[in-house]
1. Once you put a point 7 Å from the Cα of THR123 and another 7 Å from the Cα of ASP229, both along the Cβ direction, what distance in nm separates them?
2. What full-extension length gain, to one decimal in nm, is calculated for ARG96 and ARG337 as 0.36 nm per residue of separation minus the Cα-Cα distance?
3. How would you rank 91-97, 57-63, 113-119, highest first, on the average number of other Cβ atoms within 10 Å across their residues?
4. What length, rounded to one decimal in nm, is gained on full extension from ALA222 through to ILE328, with 0.36 nm per residue of separation minus their alpha-carbon distance?
5. When the dipole is taken about the Cα centre of the stretch 282-322, and only Lys, Arg (+1) and Asp, Glu (-1) are charged at their Cβ, what size is it in debye, to the nearest 20?
6. Compute the FRET efficiency between VAL54 and SER303 as 1/(1 + (r/R0)^6), taking r as their Cβ-Cβ distance and R0 = 51 Å, and round to the nearest 0.05.
7. With every protein chain present, what is the per residue accessible area of the stretch 170-225 (1.4 Å probe, Å²)?
8. Given a Förster distance of 25 angstrom, what is the FRET efficiency for ASP64 paired with ILE164, based on the Cβ-Cβ distance and rounded to 0.05?
Amino acid sequence: MTTSKRKRMSMLDNLAASGKPASSAPPSPAATSSMMSSNRALRSARDAVDGHHVWELDPGAIVDDRLTDRLDPDDVIDLRDAIEANGQTVPILVRRHPADPDRYLLVYGRRRLEAIRLSDKVTKVKALVASMDDKSALRAQISENMARRDLSFIEKALFARELIDSGFGTQSQVAEVLTVTKSSISMALAVVESVGEDLIRAIGAAHGIGRPRWEALGKVMADTGVSPDRMVEVAEKTHLEAASAVLSGAEPSEEEDISVRAFLAVENSLGAPAPKKPVPAPARVKSRTLTIAGKKGGQVKRSPKGLMISLDSGAFADWIDQEAQQLINELHGRWLRRTED
């Protein structure tokens, strides 16, 4: 196998491992084995690629009719700027359109494709072309997103709902490809049902808001009988206010997630209490008895916070109190000599 072909073959292996740009150097045999075994769907995609050749395609010739696995697919401005400055490092994956030889169906790489479509400087998108059926393409899409580990809880929940509704498989099969338990899928589907897809999409990805908060939101909505449409208006108003602030010249915080703000606005509007944080169990303290001249004279206690030595009151304890710093210095010196030996 030529060095050039080996480099091309390693490209999807790197994607399977982390979704990061592929290195120009071929991976070691051990690293390649680990990456390949971690993601069978992407391995199958790699094996189906036509000659492992990176093509430069017209973005307009690529059709994206896949299930939506992200709630913020249009957030690509920063990516567009990066591609314009540094070029497209990682190719997208497409497959040939079954009815039109001049067109392609997107397998994964939606954000990269949209970024280049928005660019006035980059006119071609780098792509790998694979021969895949619908189910294999969907598995590759799922695997690629799971490898990046950047989907929020509610995005995964909504995606699971769409997978089941599309006839992809049972809850157990969806759990397998999403690498979660069947009970997790069941709970995620219950959240989507209780909150409603319209409100979820109005809020957005809400990274950092986990299942307990979404469950609590759905429970309050059910208990109060509030109109979901009214909550959609609250979420949309939050997004509109954020957009208006940017248009008026306000600088948005880089760490701020508007979808989280929208979730909080809905939560506050409903008066939904945030789930109580579990109280940590008291730290276990280990203790043992100290003997002095054959008799109990104190204790040594060890906890996560540190070490404590206590002595029973008396003349010896008084002397230790006076000489404590000197004794610590001597003990520390002994410890240093021991570690240096």
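The values are calculated or read from the model by the stated rules, or taken from the named source; none is laboratory data. Quick caveat: nothing in here was measured; it's all calculated off a predicted structure. No Cβ is skipped: glycine too gets one built from the backbone with ideal geometry, and neighbour counts run over all protein chains shown. Quick note on the areas: whole protein, heavy atoms, side chains included, nothing else; ligands and nucleic acids left out. Shrake-Rupley method; radii C 1.70, N 1.55, O 1.52, S 1.80 Å.
1. That separation, rounded to one decimal, is 4.8 nm.
2. Full extension of this stretch gives 79.7 nm more.
3. Ranked by mean Cβ neighbours within 10 Å, highest first: 91-97, 113-119, 57-63.
4. Answer, rounded to one decimal: 31.8 nm.
5. Here the stretch 282-322 has a charge dipole of around 420 debye.
6. 0.30
7. 47 Å²
8. Approximately 0.75, to the nearest 0.05.
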